[in-house]
Amino acid sequence: MTKALLCCALAGVLSVSAARADDFPSRYVTLVVPLATGGSTDTVARIVAEGMRPFLGQTVVVENTPGAGGATGVIRVARSTPDGYTVQIGQWGTNVAAGVVHNLPIDLLKDLEPVGLIATQPSLIVGRKDLPPNNLKELTDWLKANPGKVSVGTSGVGSPSHVFGAFFQNTIGAKFEFIPYRSAGESQKDLIGGQVDMIIDTPATSGQNVKNGLIKAYVLAGKDRSPVLPDIPTVDEAGLPGMYFYFWHALWVPKGTPKPVIAKLNDALVKAVNDPVTHDRLAKAGQEFFPASMMSPDGLAKFQREETEKWWPVIKAQGIKVQ
């Protein structure tokens, strides 16, 4: 092929790509949730999908694709057509920890393009309502006195609840029996039913059950108290200073998605999060918000790298790995 023909061909490809980006979206967008229904990620996904719709001018369809601790859905999106019509919502477990916990056939930092951060919330340590301890000091003493006898429900091996649970266990010198569940919703049901002693959760999923007296909350792993559960102390207040663990959410698309398409998705996401109705729904679900400077694709890319560099060594040190 001559240089002139090659230039013409390249120009044609670029013009088609530009036209497709200009038309985006011309049909519905699929938002893949790589986890089961009933957890925080599913809740946030449905709020965000509804919030983005008026700003995209198209419906955003939520599709749960659970499996392998979230890896199934993440891989599916990474291998989908990079046109912006398949978007993944993910969090610390699916898009940071999974890279070291699972033997993934993809690179989470290279095979997915960041769209933007959504919101975050601290983890919450909760127990069944008849658990003997009534505060964190009593809880840590009780846990250390019962090594290997306390069951702790998680959302799967390498999930945020599992890693933070192991981090908490090692920090206080206790030994838990971790019970993996398909979702936070399932572990919540068993906690209420008394089939499991404790779970590591979030205010979004556990808040109402705590208020209704169905379960008992001990401590919030964040810097500030949650507006959902204002009476629950933070780790700093309760005697474990600095033991923070945040459960954040963000959006990604496949590598190679046109930059103008990513920009449109980010614009719709930012407008949705800042829209009073969506903002209020997220806040009532226990979500806290990132500063505007972190909401861009570059902001998410930087944040994801930092989280990966911070937590991969911790996960490896605790020997958490899917066999």
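Please treat every number below as a calculation from the coordinates, not as lab data. Being a predicted model, the structure only gives us computed values, none of them experimental. Here Cβ is always computed from backbone atoms with ideal geometry, including for glycine, and neighbour counts include all displayed protein chains.
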Next item on the list: Enumerate the calculated ³J(HN,Hα) couplings along segment 177-183 in order (Karplus 6.51 cos²θ - 1.76 cosθ + 1.60, θ = phi - 60°), each rounded to whole Hz, writing x wherever the residue is Gly or Pro.
Entry: 9, 7, 10, x, 10, 6, 7
Next item on the list: For segment 180-323, list log₁₀ I(q)/I(0) at each q in 0.09, 0.16 Å⁻¹, using the Debye formula over Cα point scatterers of equal strength and ignoring solvent, two decimals each.
Entry: -0.38, -1.14
Notebook entry, point to check: How far is it, in nm, from the label point at LYS211 to the one at ASP231 when both lie 7 Å from their Cα along the line to the Cβ?
Noted result: 1.2
Check: For segment 59-119 and segment 217-267, what is the separation of their Cα centres, given in Å?
Finding: 17
Notebook entry, point to check: Where a Cα-Cα gap under 27 Å defines reach, which lysines qualify for LYS310, not counting those fewer than 8 residues away within the same chain?
Noted result: LYS110, LYS175, LYS223, LYS255, LYS302, LYS321
Notebook entry, point to check: In whole Hz, what ³J(HN,Hα) sequence does segment 50-58 give by Karplus (6.51, -1.76, 1.60; θ = phi - 60°), x for Gly and Pro?
Noted result: 5, x, 7, 3, x, 7, 8, x, 9
Next item on the list: Show the residues, 5+ positions off or on another chain, whose built amide H is closer than 5 Å to the amide H of PHE247.
Entry: GLN121, SER123
Note to self: Only Cα pairs within less than 10 Å get springs; with that Gaussian network setup on the chain, which residue of SER206, SER293, SER26 has the largest fluctuation?
What the structure shows: SER293
Item checked: Förster-model FRET efficiency, 25 Å R0, SER293 and ASP224, C-beta, rounded to 0.05 -> 0.80
Checklist line | Dimensionless Rg/Rh of segment 124-238 - Kirkwood Rh, Rg from C-alpha atoms | finding: 0.92
Margin query: Under 5 Å between amide hydrogens, which residues at least 5 positions from VAL62 or on another chain qualify, with H placed 1.01 Å from N in the peptide plane?
Written below: LEU31
Checklist line | Coarse-grained scattering of the chain at q = 0.15 Å⁻¹, given as base-10 log I(q)/I(0) from a Debye sum over alpha-carbon atoms | finding: -1.18
Check: Which whole-Hz ³J(HN,Hα) couplings does segment 142-148 yield from phi under the Karplus relation 6.51 cos²θ - 1.76 cosθ + 1.60, θ = phi - 60°, glycine and proline marked x?
Finding: 5, 5, 5, 7, 10, x, x
